[in-house]
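The values are calculated or read from the model by the stated rules, or taken from the named source; none is laboratory data. As the structure is a computational prediction, the values presented were derived from the model and not from experiment. Keep in mind that these areas ignore ligands, DNA and RNA; they rest on the heavy atoms of the full protein, side chains included. Shrake-Rupley method; radii C 1.70, N 1.55, O 1.52, S 1.80 Å.
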Amino acid sequence: MTDPASLAPPFRRIVLGFHDATCAMPDLETAVAFAQALQSELLGVFVEDDPVLEWSAAPLSRHLARASGAAVAVTRDRLAAEFATSAALMRQRLLQAAAAHGVRAGFQVERASAAALQHAGGQSADLLAVLEPADPMARLSYPFAGILRSVAASTVPVLYLPHGTRRRRGPVATLGPDGEGHRIAAAIAHRIGAPLVDLADRIRQGAGPFTLSLPMLERALAGIDESLLVLDRPALPVGAPALLADIAARRMVPVLVTGTAPVSRDGGARSPGR
């Protein structure tokens, strides 16, 4: 019999990144509810995008004013002030939502690349969480396109929350009995009191490794209304960033990816550009 103590979720803290104040409140509340269900702390990290700040220092930098459409000079001070305003707003929203759910939460501001997942003070028991932008165009452009690539290539667990996530009580679905993904899925299922569904027998056609596709996953999940999907990076194809977004959009549930992506022949982690 499995010792319940051994199934304690490894995530003491969920780290949620922001780079502006456009996050949809229902999506933010979904992230807070997930932390509540896991009995985890929550840390919001607002990233003041250092590459964009450097760009703003260029003498020819301009942007269109929202009200008039006129070209307005972009200065480092102006952009830093906009970042500070957005950070203050997201801090207020996050802490209010966390308090409403009884979740212990903190907030900090860092200066780094908004396309990166790393943050200062990261801990081994952190679960990084990514909120999909509400604006479809923002999902295709900087910095979110880079964030997606980082999710696929990272070596740490990352929770991907699609815009409009449906919160439902259902099983935690995973891809098989081997590897980190199954351990994490089992721990989360135990903590939230949900069944654990192993999709391996529905996906594999014979023994050995396989490369996941959306139609393959859809067939395996037929008749299942999962509350969380846990995927292992070794099972993801070269187009993993696009596939992750497609899976999340189709299933409309949080997708947690873990493990280490396969290494390509040139020695680097597989990614769309390689």
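Of Tyr160, Tyr142, the residue with the largest accessible area leads and the full order is Tyr142, Tyr160 (1.4 Å probe). Per-residue surface analysis assigns Ile247 an accessible area of about 0 Å², computed on protein heavy atoms at 1.4 Å probe radius.
For the stretch 117-167, what is the accessible area per residue in Å², given a 1.4 Å probe and the full set of protein chains?
Ligands and nucleic acids excluded, the figure is 46 Å² per residue.
Figure note: Thr258, Thr85 ranked by solvent-accessible area, largest first, 1.4 Å probe, ligands and nucleic acids not counted: Thr85, Thr258.
By accessible area of protein heavy atoms, probe 1.4 Å, what ranking do Met216, Met25, Met90 get, highest first?
Numbers: Met216 40, Met25 65, Met90 0 Å².
Heavy-atom accessible area, descending, gives Met25, Met216, Met90.
Remark: the stretch 96-102, residue by residue, has Karplus-estimated 3J(HN,Hα) of 5, 5, 5, 4, 5, 9, x Hz, where x stands for each Gly or Pro and the curve is 6.51 cos²θ - 1.76 cosθ + 1.60 at θ = phi - 60°.
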